[in-house]
Every structure is written in structure tokens, then in C-alpha cells.
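The values are calculated or read from the model by the stated rules, or taken from the named source; none is laboratory data. A quick note: this is a predicted structure, and the numbers were derived from the prediction, not measured. In this analysis, Cβ positions are derived from the backbone assuming ideal geometry, glycine residues included, and neighbour counts consider all displayed protein chains.
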């Protein structure tokens, strides 16, 4: 089971969501982000996190300069680079949440699901169950 945080720009979620409202909803997975680790700068750019992408490029260049200046052995360079990539993987989704907050998205829910689609389905089902005029209890 994966846990996702749900972020949106709309004021209050309702069952009657128009396409524009649905496009403003963002689901961010809790935990390690493999795509952030493997595609660092491309991943940051894909999510519009230009500041983080630039910082990742600068960090990589600084590491390279430091390694060259100190004549660090290749195995140690690889180990440090892998450690840096692991940090990006562990922090990637947190950085994404921070960027969404800066773009005035608000955290409106936390949902769990086997995958992203299941989490979206559960979120929409919860909204439907809490819609005004819906007197039927939500089935579990």
C-alpha cells in the first residue's frame, strides 16, 4: 500500500469536478522517488522545479571540481555520487511538496492505494461519499 498526499489549488473539493479542477489536483507519493534518483535534473524540469534542477547541476559541478582538486580515487567518487543520488531519491517528493506549496497548492487529503490510480479512485470515491445531498453511506 502506497500513501499519497493530495494537493489542489481549488478552494474546496466537490464531487462535481470539472476538467480544469481535476487538472489542478496533484498526487505525490510518500517515500523514495526512483525517477528523482535516476533522472535528477530531467525529473526536476518535468515537474517545473527549475530552482532544484539548477541546484542539482551546480552540486554535481562542485563535486566534480572538488574531486579533481583533491585527486580523489575513482571508487570513492562513485560512492559519494551514489550517496548524493540517494539523497535526491529520498528527498525528491518532499521537494515536490514544497514547490507545490510555493505555487499556492494546499494539502487537502492523504490517501492510500496499491498504486496511483487506486489512490485517485479512492480519493474520488471519498469525495462522492461526502457530496452534499448524498445520504447513502460510502461502501467500504
In segment 4-29, anything out of contact with any helix residue (DSSP H, G or I) (no Cβ under 7 Å at 6 or more places or on another chain), at pLDDT 70 or above and closer than 25 Å to residue 114 by Cα is listed as 8, 24, 25
Taking segment 110-123 and the residues there that are part of a helix (DSSP H, G or I) and in contact (Cβ under 8 Å) with a residue 24 or more places away in the chain, the one that is surrounded by the most Cβ atoms within 10 Å (Cβ to Cβ) would be 119
Among (1) closer than 20 Å to residue 8 by Cβ; (2) touching a residue at least 60 places away in the same chain (Cβ under 8 Å), residue 31 falls short only on (1)
Of 79, 107, the only residue that is surrounded by fewer than 15 Cβ atoms within 10 Å (Cβ to Cβ), free of Cβ contacts under 8 Å to residues at least 24 places away in the same chain and farther than 13 Å from residue 37 by Cα is 79
Subset of segment 30-39, residues more than 20 Å from residue 105 (Cβ to Cβ) and either modelled with pLDDT under 95 or crowded, with 17+ Cβ neighbours inside 10 Å (or both), comes to 37
Practice prompt. Could you tell me whether any residue of segment 57-69 is within 20 Å of the chain's Cα centre (by Cα), buried (at least 16 other Cβ atoms within 10 Å of the Cβ) and either at pLDDT 95 or above or under 16 Å from residue 30 (Cα atoms) (or both)?
Written response: no
